[in-house]
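S.K.: Got a structure here, written out as structure tokens. Questions coming.
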Amino acid sequence: VVATDRSGDIRYRKLLVATGGIANRLTVPGADLDGIFCLRTVSDADALKAAAARAKRAVVVGGSFLGMEVAATLAELGLSVTIIDQEQRLLAKLDAPEVSAFISDLYTRRNVDIRLSQTVASFAGENRVRGVATDRGSVIDCDLVVLAVGVTPAVGFLDGSGIACGDGILVNQQLQSSDPDIY
């Protein structure tokens, strides 16, 4: 039985739980400044679109799929874009160096500045972000920042349910949780 806050109890034979995720944020100085965006909802996208219309320079933190898509879109809108990623190559989780090299070359030819093997040390600005300092000592001026640094599975609502969780719901090869009727 699934207990809901509005519809009462719902009985099931088999249940699929799709938890979604919570966008990871950075915990560095200045991380609470205006102009730093995560892209998870339609309202996030609308806010980013409005900010991009007024911006000239953007920093995208994260060289994964989402980060690359955001960087391409901002560059297409005419912004000067810098990507910062802690990995040694873009799209590192693909474990496909040839693909990473191809994408890196493509973005570089489109004037996207790619800074690999470095992290954000802090964000600069009074009320609004105006720059990003990296752990290598460089400062990149910007009007907005987009964080694409992963998500944390939203499994908190399963606390006390008996479903085994770790970094998300723990499942077997058939995607069954610790309850064989819950996937």
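S.K.: If you count, for each residue, the other Cβ atoms within 10 Å and average over each peptide, how do 76-89, 162-175 line up from highest to lowest? Write down the numbers at each step before the final one.
M.R.: On the way: 76-89: 18.1, 162-175: 11.7.
Top to bottom by mean Cβ count within 10 Å: 76-89, 162-175.
S.K.: Across the stretch 119-136, in residue order, what do the Karplus-derived ³J(HN,Hα) couplings come to in whole Hz, using 6.51 cos²θ - 1.76 cosθ + 1.60 with θ = phi - 60° and x for Gly and Pro?
M.R.: Result, rounded to whole Hz: 10, 7, 8, 6, 10, 10, x, 7, 9, 10, 5, 10, x, 10, 9, 9, 5, 8.
S.K.: Please report the carbon-and-sulfur percent of the accessible area for the chain; probe 1.4 Å, protein heavy atoms only, DNA, RNA and ligands left out. Before the final figure, lay out the partial values.
M.R.: Details: 5730 of 11280 Å².
Its accessible area is 51 percent carbon and sulfur atoms.
S.K.: Here's a follow-up. Might you tell me the accessible area per residue for the stretch 66-153, computed with a 1.4 Å probe and given in Å²? Don't skip to the end; give the middle numbers.
M.R.: Numbers: 4750 Å² over 88 residues.
Per-residue accessible area for the stretch 66-153 comes out at 54 Å².
S.K.: Under 5 Å between amide H atoms, partner at least 5 residues away or on a different chain: which partners does residue 150 have, H built in plane at 1.01 Å?
M.R.: The list, which skips near neighbours in sequence, is 24.
S.K.: Now for a separate question. Counting only DSSP beta bridges with both residues in the chain, tell me the antiparallel percent, nearest 5. Don't jump to the answer; show the numbers that get you there.
M.R.: Details: 14 of 31 bridges.
That works out to approximately 45 percent antiparallel.
The values are calculated or read from the model by the stated rules, or taken from the named source; none is laboratory data. Model, not experiment: these values are computed from the prediction. Using ideal geometry, Cβ is built from the backbone for each residue, glycine included, and neighbour counts are taken over all protein chains shown. Accessible surface is based on the protein model in full, side chains and every heavy atom, while ligands, DNA and RNA are left aside. Shrake-Rupley method; radii C 1.70, N 1.55, O 1.52, S 1.80 Å.
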